[in-house]
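J.: First the structure, then my questions, so here it is.
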Amino acid sequence: MLFHLFTLFLAASSCAGQILYDEYIYTPAAPTLQHVSVLFRHGARSPISTYALDPNSHPDVWPQGLGRLTREGLKQVYQLGRWLRERYSAVLSVAWRYNQVVVRSSAEDRELNSAAALSAGLYSEYFLRSPNERFDEEMPWSPVPVHSAPPKMDMEIDTADSCTRLQQIEAELHQDASVVKFLQSINSTRSILAAKLNQSFDTVQSLSFLYDTFRVELSFLYDTFKVEKENNLTLADWAEPLMPTLDLARRRDFQFLAVTHEQKVLSAGPLLQKIVNNMLLKHDIGLNAVNMSLFAVHDTNLAVQLITIDNYDNRVPDYATALLYELHRHEKNGTYFVKMYYHNNTYAQSPMRELKLTTCDTECLLDDFIYHVSEFMPKDLTEQCQILTPPPQPSFLDTNRTAVILIAPFFAIFVSAIIFAIASKIRKCCCLRNYELF
Amino acid sequence: MSSTAASIIMAVNVLLCFVFGLAFGIEESSLKNVHQVHVLFRHGDRAPVSSFPLAPHNSESLWPNGFAQLTKSGLQRQQALGRWFRKRYDRLLSRHWNASQISVTSTSVDRTLNSAQANLQGLYADMDPARRFDDTLNWSPVPVRTTPMAEDRLLYLDDWCPRIPKEVERLNDDPVVAALTAQCAPLFKLLTERLGETVESIEQVEFAHDYFQILLDNGYALLFTGFSPLLRKIVDDMKVKLTNAENLPNRSIAQKHTSGESEQTSSTANFFMYSGHDTTVAANLQALGVYNHENPPYAATVIYELHVVQGKAYVQVLYHNESSSTHLLTLPDCDALCPIDKFESLLAPVLPTDLEKECQVPGQEVADTHDSVMAGLANLLSYGVTVSAVLLVLNALVSLTLLCLVWSWRRRLKNLQAYTLLAQDTS
């Protein structure tokens, strides 16, 4: 109950859209730090979609287009970059160097731009201090390369589009009885929506439609309302009372991203594998391996990671939140261990949270960490992402081939014998008849 | 004497001014007809890609951003190029990034990715200060798309296309290249001594410029010329733009409302930016048949403009290799303003139709067909057993039917006999 109140409070503060940068609590990482992988969500954006009759769907409301960062969003990730600089300055050079920091992004505009703005924040201090080092004297900025892969080819950080098996599992899950039950439990909301949006939510029997309804209409609708409120826009008058129910639907939607073990392997596994590989590289090579890997991802990718390492608090990741996987080296005995944190940059009120595998300490020895997460590493991702088709029904001949081969000759002999017998009988008859005729 | 000379020079100058003015005027007026532009450029100035053990100044620390990365002047050159694009194509691009207007693609290499970003900063440098996300920054990010090297099918095919290394091998085995290699033995020896690293082939000579120059001077086409997926994309995008825009002139800065998803497939943008390497630019010029055999300098740019004049579509190609000079590139057998259909048909030999297929190493296709034949045979064998079993059953069935037939025939005969007998009775 207390927890719910807390989330309600956070939700309320998100509505106000107030971001208090001055209240940042900078916590430098321990001096034992060797390497960190940062998975961060993009900053505030415009809604992914607007709905028919949305009072806020006019193009002028969102000049940057739908699903794209707002000015506020750019500020948030820029600020996150500055926060990361404070925390990890011990392992970062003043200006970007290719052998220290690698930036990888999912291929959508909001992630690509978030990655660029965050990198700008990460190196802003140096260029602010030393104008002579700028390539343009009037501006404390220098680009940092952001690598990505087209969504259909991305087998590293976001497999939602590239892994067809993942989509198949999700579609199957949404036909689950619990989904139907949940949809029934929120029937009153759905009928209001049906009336207001002039779309039917109930009449179509197809379960795949239920799936669409569930995800696209309810979960995304919540997001659209939420974003509109964040930007101080007036919602349709019927929208406000529906928010708590829609919020439930959105949380449900996120839970469904990683229910089965296979889902975790296919969606969280590839990135987890990359993170572990980076740690091992640092462990093996030391100085020459990169110190920081940045990954610009979606809220879904963050949620899936948190669910997989069993630290998801059922709260959809906020803008510019970051999941930190830190690799440390013990000063005295030289052993390597992993620490994990979840940093919510958007709302300074929420402190940085330390995460922990249920089966390991907060300071988890590298070997133990790898041991515990290895069950989520895909063995052969391309192979495992193939759609499972039900095996073709084997024909009678295929399954009973031996029997057929054994029986067939006897059967043939039997038949031939009968034919022979009958033929001879006919011959007899004919002869007899001939005989009779004559 | 000197006065006549001076007057002649004067006259020539006037004439030149007139001609240039005319040329300038034509170019400027035709810019109003531009509806889509594709620019392919090389990255800006960079540090050496790597060094040699004994070479002078071989420490990476001499380069603030490290080996193979852009230098400060490289970033400046790209920023200047971006500003030049803004001056020339201001009409096609709003002052703030608008996703429906521009598409930016780069090879997945740090220096080309950063070149694109610095270029875009220059392109959008006139942004409204009120829209800055940070007061100190006259910059706002613009997404630069890329594909991992191993999967790149547009700008850098070497890692994905198995035919390319084969072609390099073939070139190296060629008698002319072999002779050149032999001739270069003293150079290799010298380089090996001085650089402290074994140099024994042309490829290993760090001066790639010379390597390509030697090949080209001997009439060897550079790699990639067999197919240019980039040219294919440019022509296709232009055609989509033409079919999608009935009232083209008014659409130039029209705001389209799209979400961030699958934006990269949009062909209706006004401005396409491709950030590549000297080899990418050289191969592109080569594919056009207008390569001057000069290694493209930093930020050298090939520009494809889609003009619409009196309802007819033309492509104009420009080469911009210094921030101040721009050359019109005229395709052999076409005018500077080349009708798009003619442009496409002239380039047909280098436009891939099926890249996957064209990238096959010739020998391997045969292997594939061989494999499929074998697989077919194996299939046939495994089914042989089943087929024979089926035949047996069929045999039995046929026999049974025959049996029934014979049986009924016999009965019928009997009946017929009866009838006949009856008939005989009545008659």
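Conditions tested, residue by residue: (1) at pLDDT below 95; (2) hydroxyl-bearing (Ser, Thr, Tyr); (3) out of contact with any Asp or Glu (no Cβ under 7 Å at 6 or more places or on another chain).
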residue	(1), (2), (3)
A:Lys264	no, no, yes
A:Gly269	no, no, yes
A:Leu272	no, no, yes
A:Ser293	no, yes, yes
A:Val297	no, no, no
A:Pro317	yes, no, no
A:Arg353	yes, no, yes
A:Lys356	yes, no, yes
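J.: Another question about this same structure. Considering only residues of the range A:112-157 that are within 29 Å of A:Cys385 (Cβ to Cβ) and of a type in the set (Val, Ile, Thr), which is nearest to the other protein chains (Cβ to nearest Cβ)?
T.: Here the answer is A:Val146.
J.: From the list A:Arg87, A:Arg82, exactly one residue is farther than 28 Å from B:Ala68 by Cβ, more than 8 Å from chain B (Cβ to nearest Cβ), without any contact (Cβ under 8 Å) to a residue 60 or more places away in the chain and basic (Lys, Arg). Which is it? Break it down into steps so the answer makes sense when it comes.
T.: Details: A:Arg87 fails: without any contact (Cβ under 8 Å) to a residue 60 or more places away in the chain.
Residue meeting the stated conditions: A:Arg82.
J.: Looking at A:Leu280, A:Leu246, which is the one that is crowded, with 22+ Cβ neighbours inside 10 Å, hydrophobic (A, V, I, L, M, F, W, C) and assigned to a helix (DSSP H, G or I)?
T.: On the way: A:Leu280 fails: crowded, with 22+ Cβ neighbours inside 10 Å.
Exactly one residue qualifies, and that residue is A:Leu246.
J.: Sort out which residues of the range B:60-93 are more than 9 Å from chain A (Cβ to nearest Cβ), without any contact (Cβ under 8 Å) to a residue 60 or more places away in the chain and either in contact with a His (Cβ under 8 Å, 6 or more places away or on another chain) or small (Gly, Ala, Ser) (or both), and write them in order of number.
T.: B:Ser61, B:Gly82, listed by residue number.
J.: Checking the structure you have, find out if any residue of the range A:392-407 is loosely packed, with under 10 Cβ neighbours inside 10 Å, in a loop (DSSP other than H, G, I, E, B) and modelled with pLDDT of 80 or more.
T.: no
J.: What do you reckon, is B:Val199 in contact with a helix residue (DSSP H, G or I) (Cβ under 6 Å, 6 or more places away or on another chain), over 25 Å from A:Thr70 (Cβ atoms), β-branched (Val, Ile, Thr) and not in a helix (DSSP H, G or I)?
T.: yes
J.: Among the residues that make up the range A:375-383, is at least one of them surrounded by 16 or more Cβ atoms within 10 Å (Cβ to Cβ), modelled with pLDDT of 80 or more and either at positive phi or in a helix (DSSP H, G or I) (or both)?
T.: Taking the range A:375-383 and keeping what is surrounded by 16 or more Cβ atoms within 10 Å (Cβ to Cβ), we get A:376-378, A:381.
Subset that is modelled with pLDDT of 80 or more: A:376-378, A:381.
Then keep just the ones that are either at positive phi or in a helix (DSSP H, G or I) (or both); that gives A:376, A:381.
Scanning the range A:375-383, I find at least one residue that is surrounded by 16 or more Cβ atoms within 10 Å (Cβ to Cβ), modelled with pLDDT of 80 or more and either at positive phi or in a helix (DSSP H, G or I) (or both), so the answer is yes.
J.: Tell me the residue from A:Ser130, A:Ser162, A:Ser178, A:Ser185 that is touching a residue at least 40 places away in the same chain (Cβ under 8 Å) and of a type in the set (Gly, Ala, Ser), please. Step through it out loud before you land on a result.
T.: Details: A:Ser130 fails: touching a residue at least 40 places away in the same chain (Cβ under 8 Å); A:Ser178 fails: touching a residue at least 40 places away in the same chain (Cβ under 8 Å); A:Ser185 fails: touching a residue at least 40 places away in the same chain (Cβ under 8 Å).
The conditions single out A:Ser162.
J.: Shifting gears a bit: Just a yes or no: is a residue in the range A:419-426 touching a Phe, Trp or Tyr at 6+ places or on another chain (Cβ under 8 Å), modelled with pLDDT under 80 and either at the interface with chain B (Cβ under 9 Å from one of its Cβ atoms) or within 30 Å of A:Glu172 (Cα to Cα) (or both)?
T.: If we filter the range A:419-426 for residues that are touching a Phe, Trp or Tyr at 6+ places or on another chain (Cβ under 8 Å), which is where we start, we get A:422.
Then keep just the ones that are modelled with pLDDT under 80; that gives A:422.
If we keep only those that are either at the interface with chain B (Cβ under 9 Å from one of its Cβ atoms) or within 30 Å of A:Glu172 (Cα to Cα) (or both) as well, we get A:422.
Looking through the range A:419-426, at least one residue is touching a Phe, Trp or Tyr at 6+ places or on another chain (Cβ under 8 Å), modelled with pLDDT under 80 and either at the interface with chain B (Cβ under 9 Å from one of its Cβ atoms) or within 30 Å of A:Glu172 (Cα to Cα) (or both).
J.: Please work out which one of (1) more than 23 Å from A:Asn344 (Cβ to Cβ); (2) within 9 Å of another protein chain (Cβ to nearest Cβ) is the condition A:Ser93 fails and give its number.
T.: For A:Ser93, the failing item is (2).
J.: Could you tell me whether any residue of the range A:56-64 is touching a helix residue (DSSP H, G or I) at 6+ places or on another chain (Cβ under 8 Å), at pLDDT below 95, closer than 21 Å to A:His147 by Cα and not β-branched (Val, Ile, Thr)?
T.: No: zero hits.
J.: What helices (runs of 4 or more DSSP H) lie completely within the range A:62-132 and have 2 or more residues being among the basic types (Lys, Arg)?
T.: Where helices (runs of 4 or more DSSP H) fall fully within the range A:62-132 and carry at least 2 residues being among the basic types (Lys, Arg), they are A:71-88.
J.: Report yes if some residue within the range B:120-131 is among the small types (Gly, Ala, Ser) and at the interface with chain A (Cβ under 8 Å from one of its Cβ atoms); otherwise report no.
T.: No; the residues of the range B:120-131 include none that is among the small types (Gly, Ala, Ser) and at the interface with chain A (Cβ under 8 Å from one of its Cβ atoms).
J.: Examine the range B:159-172 for a residue that is within 14 Å of another protein chain (Cβ to nearest Cβ) and of a type outside the set (A, V, I, L, M), and state whether such a residue exists. Please lay out each step first, then the result.
T.: Applying the first criterion (within 14 Å of another protein chain (Cβ to nearest Cβ)) to the range B:159-172 yields B:159-160.
Next, only the ones that are of a type outside the set (A, V, I, L, M) stay: B:159-160.
Within the range B:159-172, one or more residues are within 14 Å of another protein chain (Cβ to nearest Cβ) and of a type outside the set (A, V, I, L, M).
Condition check ((1) outside any loop (DSSP other than H, G, I, E, B); (2) at pLDDT 85 or above; (3) aliphatic (A, V, I, L, M)) across all residues:
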{"site": "A:Pro143", "(1), (2), (3)": "no, yes, no"}
{"site": "A:Ala149", "(1), (2), (3)": "no, yes, yes"}
{"site": "A:Arg190", "(1), (2), (3)": "yes, no, no"}
{"site": "A:Ser208", "(1), (2), (3)": "yes, no, no"}
{"site": "A:Thr213", "(1), (2), (3)": "yes, no, no"}
{"site": "A:Leu218", "(1), (2), (3)": "yes, no, yes"}
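J.: Let me ask you something else. Among the listed residues B:Leu223, B:Leu157, identify the single one that is modelled with pLDDT under 70, buried (at least 18 other Cβ atoms within 10 Å of the Cβ) and outside any helix (DSSP H, G or I).
T.: Working: B:Leu157 fails: modelled with pLDDT under 70.
Testing whether each residue is modelled with pLDDT under 70, buried (at least 18 other Cβ atoms within 10 Å of the Cβ) and outside any helix (DSSP H, G or I) leaves just B:Leu223.
J.: Look at B:Phe41 and say whether it is modelled with pLDDT of 95 or more, over 20 Å from the mean Cα position of the chain (by Cα), more than 13 Å from chain A (Cβ to nearest Cβ) and crowded, with 22+ Cβ neighbours inside 10 Å. Please lay out each step first, then the result.
T.: Values: modelled with pLDDT of 95 or more: yes; over 20 Å from the mean Cα position of the chain (by Cα): no; more than 13 Å from chain A (Cβ to nearest Cβ): yes; crowded, with 22+ Cβ neighbours inside 10 Å: yes.
So B:Phe41 fails the test.
J.: Kindly indicate whether B:Val49 is under 25 Å from B:Ala282 (Cα atoms) and facing another protein chain (nearest Cβ under 9 Å).
T.: no
J.: Then there's this: Answer yes or no as to whether B:Ser106 is part of a loop (DSSP other than H, G, I, E, B), polar (S, T, N, Q) and on the phi < 0 side of the Ramachandran plot.
T.: Details: part of a loop (DSSP other than H, G, I, E, B): no; polar (S, T, N, Q): yes; on the phi < 0 side of the Ramachandran plot: yes.
Against the criterion (part of a loop (DSSP other than H, G, I, E, B), polar (S, T, N, Q) and on the phi < 0 side of the Ramachandran plot), B:Ser106 does not qualify.
J.: So in the range A:101-113, with the set limited to residues that are within 17 Å of the chain's Cα centre (by Cα) and among the polar types (S, T, N, Q), which one is surrounded by the most Cβ atoms within 10 Å (Cβ to Cβ)? Lay out the reasoning, then the answer.
T.: Residues of the range A:101-113 within 17 Å of the chain's Cα centre (by Cα): A:104-112.
Applying the additional criterion that residues be among the polar types (S, T, N, Q) yields A:105-106.
Numbers: A:Ser105: 28, A:Ser106: 25.
So the residue we want is A:Ser105.
The values are calculated or read from the model by the stated rules, or taken from the named source; none is laboratory data. None of these values were measured; they are calculated from a predicted model. Counting neighbours? That spans all protein chains shown, and the Cβs are built from the backbone with ideal geometry, glycine included.
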